[in-house]
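Here is the structure we will look at, set down as structure tokens.
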Amino acid sequence: MSTGINKLIALLMLWSAAAFAQVCPAGYGWYQTYTVKASQITGTLTNFPVLVVNNSNWATVANGGKVQNSNGYDIVWTAGTTTVLSFELVGHGGSSTTYDATTGNAEFWINVSSAAVGSVIYSCFGNSSINTYQGSDSGTWNSNYLFVHHYANGSTASYADSTSHALNGVNTSTTATTGEIDGGIALSGSSQYVTVTGSSNQLTTANFTLEGWFYQTGTHAFQALIMEPRSTGASSDFAAKMDTSSGTTNKVRCYFYKGNSASLVGPVTDPNTITGSTWIHYACKWDGTNLVLYRNGANVANTTSSGNANTDGATRPFCIGMDDYPAGTPEDFWQGRIDEVHMLNVGEPDAWFAAEFNNGSSQSGFWTIGTLTANAVAARKIIGD
């Protein structure tokens, strides 16, 4: 009997010391888990920025939620420890913020070091002592990203770059509108576009990725989605480009020129026409061997070659929603909307683009969201039941 009692006492002592491990920093009153569902990621993706949007518990206390700061600054993210992950709250603290204190709507991107099916991140919130931004926008986007444009909240557009390169967009008459992910920009198909200027936005390595969400409302001749130009006087006007094949066939294609030569790789062309008034995620990547066009995360066209993409150090502006040819002569304007334009200096694997589409197109399909839990008893069970 005494032996059994002693074992029970020892077990209770161990339980009281180790039954609970904090999953949020001190001072945060509440948390919810976000777990990647089955089939949403293939394999493991390193330093993958995941998207999480909108949670009614992120509303401020005055509006029935659990958040204390009116800017949403007391919402942070962890991997189940007290260490805060690098994350971005899009537009934080300004007129283009995606945080709504009334509803809890917000757009967060969180850098997950190893993202896979079953990966869990924790949204921690409700800390009255926090009054400054706790995120790290540039830390969210790994060094492969040359620029990331979100376009903010749908009411006030932002053309800011979220990476450390500060390659902000220069707006020419585009306007704020509803995007695939919170806000986007609207383009009429005539003289409305965005440019990005700065030498570090050029293709300075062999590889690249161009990607974004696109919504077409009308067709006319050619329409440029994204264009990376070359130096004035080069043998072609562009280094790499995604555009439509023509107004009649209206299929997206991607191609690029090697170095400063007339050697063309591609085009690789989507076999399907654009579905009008529908958001479509297009990405084009060159990894040194494979030129691949992705539509909604699926590899729809590809070819192989060798050699480097353009490395001539062009300083002409990168173009979003138009083609700049000849130099200083905008044409081939996109008609519709654009959201989430990213440029990378690598060609990511197929699984990356599939996961991006899954994550961006359906939050409920990508995440299993845990119940609201008080952090005072936030715990992991160390000893079995």
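The values are calculated or read from the model by the stated rules, or taken from the named source; none is laboratory data. Since we're looking at a predicted model, the values are computed, not measured. Neighbour counts are summed over all protein chains in view; Cβ atoms, including those assigned to glycine, are modelled from backbone coordinates with ideal geometry.
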Task: Output for the stretch 277-331, where each listed residue is at pLDDT 95 or above and out of contact with any strand residue (DSSP E or B) (no Cβ under 8 Å at 6 or more places or on another chain) - done: 298
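Table: residues versus (1) at pLDDT 95 or above; (2) of a type in the set (A, V, I, L, M, F, W, C); (3) not in a loop (DSSP other than H, G, I, E, B).
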site	(1), (2), (3)
139	yes, no, yes
142	no, no, no
153	yes, no, no
159	yes, no, no
Task: Residue list for the stretch 75-98, filter: touching a strand residue (DSSP E or B) at 6+ places or on another chain (Cβ under 6 Å) and either free of Cβ contacts under 8 Å to residues at least 40 places away in the same chain or not small (Gly, Ala, Ser) (or both) - done: 75, 76, 77, 78, 84, 85, 87, 88, 89, 90, 98
Open item on the list: Of the conditions (1) under 30 Å from residue 176 (Cβ atoms); (2) touching a Lys or Arg at 6+ places or on another chain (Cβ under 9 Å), residue 80 satisfies every one except a single condition; which number is it?
Closed with: (1)
TODO: Within the stretch 146-164, track down each residue that is surrounded by fewer than 18 Cβ atoms within 10 Å (Cβ to Cβ) and either touching a residue at least 60 places away in the same chain (Cβ under 8 Å) or in the same structural domain as residue 95 (by TED's automatic domain parsing) (or both).
DONE: 156
- [ ] Filter the stretch 267-326 down to residues that are in contact with a Phe, Trp or Tyr (Cβ under 8 Å, 6 or more places away or on another chain) and of a type in the set (Lys, Arg) and give me whichever is surrounded by the fewest Cβ atoms within 10 Å (Cβ to Cβ).
- [x] 295
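Looking at the stretch 161-175, which of the residues that are assigned to a loop (DSSP other than H, G, I, E, B) and β-branched (Val, Ile, Thr) is farthest from residue 321 (Cα to Cα)? I'd like the intermediate steps shown before the answer.
Quick first cut of the stretch 161-175, residues assigned to a loop (DSSP other than H, G, I, E, B) only: 162-168, 173-174.
Going one step further and asking which of them are β-branched (Val, Ile, Thr), we end up with 163, 174.
Values: 163: 21, 174: 10 Å.
Step by step, filter the stretch 161-175, then rank; the result is 163.
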Task: Close pairs (7 angstrom Cβ cut-off, 6 or more residues apart or separate chains): over 20 Å from residue 359 (Cα atoms) in the stretch 119-145, acidic (Asp, Glu) and outside any helix (DSSP H, G or I) anywhere - done: 125/74; 126/74; 127/74; 130/74; 135/88
TODO: Please tell me if residue 123 is in a strand (DSSP E or B), within 20 Å of residue 75 (Cβ to Cβ) and modelled with pLDDT of 95 or more.
DONE: yes
Open item on the list: Condition check: buried (at least 24 other Cβ atoms within 10 Å of the Cβ) and of a type in the set (Ser, Thr, Tyr). Does residue 119 satisfy that?
Closed with: no
TODO: Report, ordered by the first and then the second residue, all pairs with beta carbons closer than 6 Å, sequence separation of six or more or different chains, a first member in the stretch 359-371 that is closer than 15 Å to residue 179 by Cα, and a second member that is part of a loop (DSSP other than H, G, I, E, B).
DONE: 360/181
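Quick test for you: out of 209, 197, 175, pick the one residue that is of a type outside the set (Asp, Glu), modelled with pLDDT of 95 or more and either closer than 24 Å to residue 292 by Cα or surrounded by fewer than 21 Cβ atoms within 10 Å (Cβ to Cβ) (or both). Write out each step before concluding.
On the way: 209 fails: modelled with pLDDT of 95 or more; 197 fails: modelled with pLDDT of 95 or more.
Residue meeting the stated conditions: 175.
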Task: Which numbered condition residue 113 misses (of (1) in a loop (DSSP other than H, G, I, E, B); (2) out of contact with any helix residue (DSSP H, G or I) (no Cβ under 9 Å at 6 or more places or on another chain)) - done: (1)
